[in-house]
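Visitor: Okay, here's the structure, questions in a sec.
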Amino acid sequence: MKNVFTLTCATLLSLSITSFLANAQCETVTIIEDINPGSADAFAPGWGVVNTLEYDDKLYFNGKNITSGEELWVTDGTTTNIVADLRPGAPNGGANNLTVYDGKLYFTATDDIFGTELWEYDGVTQTAIDIVSGAMSSNPSELMVMDGILYFVATTSFYGTELWKYDGTTASLAADINLGTSDSDPAELFVFNSELYFRAYTSGSGIELWKYDGSTATLIDIDPGIGGSSPGGFYSFDSKLYFSAATPTSGTELYEYDGTTLNNFDLESGSAGSNPIRFITYDGKLYFRATTSAEGAEVWVFDGTTPTLLMDINPGISSSGPGDFTIYNDELIFTANDGTNGQELWHTDGTTTSLYLDAYSGPPSSNPSNLIVFNFDLYFVADDGIIGYELRGYDGSSLTSYDTDPAGSGGVHDPIIYDSTLIFISTTPTTGYELYRLETSDVFTYVDEQICAGDSLMAGGSYQLATGTYYDYLSAASTCDSIVITSLNVIDPNENTTVSLGTITSAAIGAEVTYQWMDCADSTLMVDDTLQDFTPTLDGSYAVIIADNGCIDTSACTLIAGVGIDQETNKVNVYPNPSNGAFVISSPQASIKQVVLYNSLGQEVYNREVNSLEQIVDISRHNAGCYTLLVITEAGTIQKQLILE
């Protein structure tokens, strides 16, 4: 079953499947607009990390020109416009801490009426939320949304610098952590398990871990006393909060908190500390950088129980300085220096770790940074010793460089993905730092495929048997490349059944599932029985044929006995059960006529005609497991389950 739901017309004939990196003729790097005309900068390196955000299908950012200074700008990827000149003329209004909350864009900015305050933009109008009345500033920062409330840090003369909140109508103090006018300086706001975590200062405990549940702020005192543990780098993994914190005895180490219990992992014995940073989850484990006296700064991995060194990339006490962790092609990619090839790209699958790409061949470092996955390739900024710090694209085998500044040494920063385009900041001697875009004209074909369990489909260069997404890269010499993206769904009908009080129930469920019950004695279809549940009116063996999205399977046959029999008149006892081999079958009121036993596969393993009120059955020579017993008496048939140990 196939459904092509997004398709750009392309002829795939005569194309060969290859590893893919888009043809240079199909990729275009252009400046979006010279916002600050001439050689003056519209951006400073690093702005884009915190001051660029997509809202209402447009990209908003803090830009600058000679006419308006720093203000809130917007682009659709083709043109740019200033949203509002909050401080008319050249003075800077700025647009920082961009955050979307309740369908609106929030940011901090400065004007001559309200000072530096929180602002709200609904796509048409900018409105100041004036926390400190008049031109005095509250200097909001650390904007974070939790449970329908916008939290931030602000400063007032009455409370100092504390945690505040905004519900869309009113801004109010959330918690005065360092009572009175003294500052608690909350920082690194992080949402975990519907609570807000951060570090904050009090005169009694120093800088410590705090959490706020929407009404109450609670201290988690890692280093009791006034010293403070200065926690930071908060990260959620495996339903727990991980971060670094310091104590006089352990130094800065890895901590784990589940909301109740605090655990410490001392990677570097003593007070030196391992300074864990740069957490990322890959393949169900936590990876990070840590420093020890024996190995230096290297990559560590935590499986939820024990942190271990992934690999001593730069052997001995020297550091490889890993960073920029990114997942690409089911591997963890990062930068590191092995002491031979300089700071370059490395990769690991959790078992094998090795150099991935030496962009600046030999001992010099290319210092790759700003790693991002776009259009199935890995993009980053690096210096190859020829064109300087420029944008690069790598598919695992082929490297492409984009020289935005042919006359200079480059200076690309902060790439992000917006509207199927890679947007980044770059500089040239004639334009200064401006906004650029990388576009591709490659053809993307999205295909939905469905097969039944046991069948296979050619996708991703081989026959596939499992549900997943597979990519075929078809490269052409004179036209743009084509990428076929196949979403494969494998249908495996559930053929299991259960029995309760004489009713058989199919375990298969779903809107597309149908049922057809059958008599196993002669494979006769019971045309009127097409529901999930089936209650036989006669003793026998029954199965259900299941159809799920065109895939068909049949359950095992289920024995049903004793239909319509008075169970008190036909009472049968079996003991001991479980047994090591010998079972006693007793029928106090009706003579036993026949005993039949079936194994779990439905195969008959015992059949004996008798004429007594009691019969001993010995099946010790058979394999341990569950057996179905049919006892036929003068009053009818009884079914029992036997367990052979």
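Visitor: Could you count how many residues in region 330-355 are closer than 23 Å to SER293 by Cβ and surrounded by fewer than 20 Cβ atoms within 10 Å (Cβ to Cβ)?
Guide: Residues in region 330-355 being closer than 23 Å to SER293 by Cβ and surrounded by fewer than 20 Cβ atoms within 10 Å (Cβ to Cβ): 4 in total.
Visitor: Would it be correct to say that ASN549 is under 57 Å from the mean Cα position of the chain (by Cα), without any contact (Cβ under 8 Å) to a residue 24 or more places away in the chain, open to solvent by 40 Å² or more (accessible area, probe 1.4 Å) and more than 18 Å from ILE504 (Cα to Cα)?
Guide: no
Visitor: Among the residues of region 120-148, what is the count of those that are touching a residue at least 40 places away in the same chain (Cβ under 8 Å), under 23 Å from ASP56 (Cβ atoms) and open to solvent by less than 40 Å² (accessible area, probe 1.4 Å)?
Guide: 6
Visitor: Out of the residues in region 33-60 that are among the charged types (D, E, K, R) and in a loop (DSSP other than H, G, I, E, B), state the one that is modelled with the lowest pLDDT.
Guide: Looking only at region 33-60, we keep the residues that are among the charged types (D, E, K, R), and these are 33-34, 41, 54, 56-58.
If we keep only those that are in a loop (DSSP other than H, G, I, E, B) as well, we get 34, 41, 56-57.
Values: ASP34: 93, ASP41: 90, ASP56: 94, ASP57: 94.
That would be ASP41.
Visitor: Looking at region 344-375, which of its residues are within 14 Å of SER320 (Cβ to Cβ), under 28 Å from the mean Cα position of the chain (by Cα) and not acidic (Asp, Glu)?
Guide: Once the filter is applied, which keeps residues that are within 14 Å of SER320 (Cβ to Cβ), under 28 Å from the mean Cα position of the chain (by Cα) and not acidic (Asp, Glu), region 344-375 yields LEU345, TRP346, HIS347, THR348, THR353, SER354, LEU355, TYR356, ASN367, PRO368.
Visitor: For SER462, indicate whether it is within 29 Å of the chain's Cα centre (by Cα), open to solvent by 30 Å² or more (accessible area, probe 1.4 Å) and free of Cβ contacts under 8 Å to residues at least 60 places away in the same chain.
Guide: The answer is yes for SER462.
Every residue, every condition in (1) open to solvent by less than 60 Å² (accessible area, probe 1.4 Å); (2) of a type outside the set (A, V, I, L, M, F, W, C); (3) touching a strand residue (DSSP E or B) at 6+ places or on another chain (Cβ under 8 Å), yes or no:
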residue	(1), (2), (3)
ASN275	no, yes, yes
ARG278	no, yes, yes
THR281	yes, yes, yes
ARG289	yes, yes, yes
GLU295	yes, yes, yes
TRP300	yes, no, yes
ASN314	yes, yes, yes
TYR328	yes, yes, yes
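Visitor: Next question, about the same structure. Return the residues of region 356-375 that are out of contact with any strand residue (DSSP E or B) (no Cβ under 6 Å at 6 or more places or on another chain) and either surrounded by fewer than 18 Cβ atoms within 10 Å (Cβ to Cβ) or without any contact (Cβ under 8 Å) to a residue 24 or more places away in the chain (or both); say none if nothing qualifies.
Guide: SER361, GLY362, PRO363, PRO364 - these are the residues of region 356-375 that are out of contact with any strand residue (DSSP E or B) (no Cβ under 6 Å at 6 or more places or on another chain) and either surrounded by fewer than 18 Cβ atoms within 10 Å (Cβ to Cβ) or without any contact (Cβ under 8 Å) to a residue 24 or more places away in the chain (or both).
Visitor: Just to be sure, is THR430 β-branched (Val, Ile, Thr) and out of contact with any strand residue (DSSP E or B) (no Cβ under 9 Å at 6 or more places or on another chain)?
Guide: Answer is yes for this residue.
Visitor: Taking only region 401-422 into account, find how many residues are closer than 19 Å to ASP324 by Cβ and assigned to a strand (DSSP E or B).
Guide: Total satisfying the criteria: 9.
Visitor: Right, something else. Taking SER215 as the residue in question, decide whether it is assigned to a strand (DSSP E or B), without any contact (Cβ under 8 Å) to a residue 60 or more places away in the chain and over 30 Å from ARG278 (Cβ atoms).
Guide: no
Visitor: Say we look at region 482-492 and pick out the residues that are of a type in the set (S, T, N, Q) and closer than 17 Å to SER456 by Cα; which of these is surrounded by the most Cβ atoms within 10 Å (Cβ to Cβ)?
Guide: THR486
Visitor: Same structure, new question: Answer yes if at least one residue in region 220-241 is under 24 Å from LEU105 (Cα atoms), in contact with a Pro (Cβ under 7 Å, 6 or more places away or on another chain) and surrounded by 14 or more Cβ atoms within 10 Å (Cβ to Cβ), and no otherwise.
Guide: Within region 220-241, the first condition is being under 24 Å from LEU105 (Cα atoms), and the residues that meet it are none.
No, because not a single residue in region 220-241 is under 24 Å from LEU105 (Cα atoms), in contact with a Pro (Cβ under 7 Å, 6 or more places away or on another chain) and surrounded by 14 or more Cβ atoms within 10 Å (Cβ to Cβ).
Visitor: Taking the criterion of being modelled with pLDDT under 95, in a loop (DSSP other than H, G, I, E, B) and aliphatic (A, V, I, L, M), would at least one residue in region 256-269 satisfy it?
Guide: no
Visitor: Can you tell me which condition TYR101 does not meet? The list is (1) modelled with pLDDT of 90 or more; (2) out of contact with any Leu (no Cβ under 6 Å at 6 or more places or on another chain); (3) over 30 Å from PHE444 (Cβ atoms), and all the others hold.
Guide: So TYR101 meets the others, but not (2).
Visitor: On the basis of being assigned to a loop (DSSP other than H, G, I, E, B) and open to solvent by less than 50 Å² (accessible area, probe 1.4 Å), does ALA508 make the cut?
Guide: For ALA508, the condition - assigned to a loop (DSSP other than H, G, I, E, B) and open to solvent by less than 50 Å² (accessible area, probe 1.4 Å) - is met.
Visitor: Considering only region 301-311, I want to know if a residue exists there that is assigned to a strand (DSSP E or B), closer than 21 Å to LEU254 by Cβ, among the charged types (D, E, K, R) and within 24 Å of the chain's Cα centre (by Cα).
Guide: Within region 301-311, none of the residues are assigned to a strand (DSSP E or B), closer than 21 Å to LEU254 by Cβ, among the charged types (D, E, K, R) and within 24 Å of the chain's Cα centre (by Cα).
Results for (1) surrounded by fewer than 17 Cβ atoms within 10 Å (Cβ to Cβ); (2) touching a Lys or Arg at 6+ places or on another chain (Cβ under 7 Å); (3) at pLDDT below 90, shown as yes or no for each residue.
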| site | (1), (2), (3) |
| --- | --- |
| ALA453 | yes, no, no |
| GLY468 | yes, no, no |
| ASN494 | yes, no, no |
| GLY502 | yes, no, yes |
| VAL513 | yes, no, no |
| MET518 | no, no, no |
| VAL527 | yes, no, yes |
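Visitor: I've got another one for you. Test THR430 against the stated conditions and say whether it is of a type outside the set (A, V, I, L, M), closer than 30 Å to VAL373 by Cα, open to solvent by 30 Å² or more (accessible area, probe 1.4 Å) and part of a loop (DSSP other than H, G, I, E, B).
Guide: In short, yes.
Visitor: Among the residues in region 603-619, are any closer than 28 Å to PHE534 by Cβ, modelled with pLDDT under 90 and among the hydrophobic types (A, V, I, L, M, F, W, C)?
Guide: Yes, region 603-619 contains a residue that is closer than 28 Å to PHE534 by Cβ, modelled with pLDDT under 90 and among the hydrophobic types (A, V, I, L, M, F, W, C).
The values are calculated or read from the model by the stated rules, or taken from the named source; none is laboratory data. From a predicted model like this one, the values you see are computed outputs, not experimental measurements. Every residue, glycine among them, receives a Cβ derived from its backbone with ideal geometry; neighbour counts consider all protein chains shown. For the accessible areas, the whole protein counts, side chains as well, though only heavy atoms, and no ligand, DNA or RNA atoms are used. Shrake-Rupley method; radii C 1.70, N 1.55, O 1.52, S 1.80 Å.
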